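Contents: one structure, followed by commentary.
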Amino acid sequence: MTEISWDEAFCSEGANCFRFGRDDQGRAYIGSTTDTGTYISDSMEAMHALIAAVKSGAADHLL
């Protein structure tokens, strides 16, 4: 099993908490604090692209 090094949780508006992590193989992770066994994972480059797209408004239609 891969050892994930999780950062401190990021919380917004009370109970909406997420955590970010990475492993020693260069993969990045985003997980919920309510279900610690569930997360998404991809390369650092892919996660960087995802976060940049979200910051630029690409996911605003989901709100």
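Laid out as a table, the results:
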read-out	value
Contact order relative to length of the chain, as percent, for alpha carbon pairs under 8 angstrom and 6 or more apart	20 percent
In sequence order, calculated HN-Hα J values of the range 3-13 (Karplus, 6.51, -1.76, 1.60; Hz; x Gly/Pro)	8, 9, 9, 8, 6, 4, 4, 9, 10, 9, 6
Cβ-based net charge around ILE51, under 12 Å, with every Lys or Arg adding one and every Asp or Glu removing one	-1
Karplus 3J(HN,Hα) series, Hz, for the range 52-63 with 6.51 cos²θ - 1.76 cosθ + 1.60 (x for Gly, Pro)	4, 5, 5, 4, 7, x, 4, 10, 4, 5, 7, 7
All-pairs alpha carbon distance profile, the chain, 10 Å steps from 0, percent	20, 49, 29, 3
Long-range HN-HN contacts of ALA28 with modeled amide H, under 5 Å	ASP42, SER43, MET44
Check: the chain dipole with +1 on Lys, Arg Cβ and -1 on Asp, Glu Cβ, in debye	120 debye
THR33 paired with VAL54, simple spin-label distance in nm, labels 7 Å along Cα-to-beta-carbon	1.5 nm
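None of the figures in this text is laboratory data; all of them are computed from the coordinates on show. Only a predicted model underlies this, so the values are computations on that prediction, with no experimental measurement involved. As a convention, Cβ positions derive from the backbone with ideal geometry for all residues, glycine included, and neighbour counts pool all protein chains shown.
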